[in-house]
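Structure first, then comments.
The values are calculated or read from the model by the stated rules, or taken from the named source; none is laboratory data. Note that the structure is a prediction, hence the values are computed from the model and not measured. Heads up, the Cβs are rebuilt from the backbone with ideal geometry, glycines too, and the neighbour counts pull from every protein chain shown. The protein model used for the area step is the full one, side chains on, heavy atoms only, and it has no ligands, DNA or RNA in it. Shrake-Rupley method; radii C 1.70, N 1.55, O 1.52, S 1.80 Å.
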Amino acid sequence: METARIYPEQEVSGMEFHRFLEDGLEDIRNGNLLDFESVFDELEKSYDAGG
């Protein structure tokens, strides 16, 4: 049976942030990025149409 380690909340937050950064860097390496202008324009249109 494997022993589970209990992490303090602050350590978990740091691990989650580290994982978030690693995922973002992996997206950059793989070219999985969206064009900010086009995404913003679509978002703006959806709010204009709804309001």
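Taken over the stretch 1-34, residues that are surrounded by 10 or more Cβ atoms within 10 Å (Cβ to Cβ) and small (Gly, Ala, Ser) amount to 3. Of the listed requirements (1) modelled with pLDDT under 90; (2) open to solvent by 90 Å² or more (accessible area, probe 1.4 Å), GLU37 misses just one: (1).
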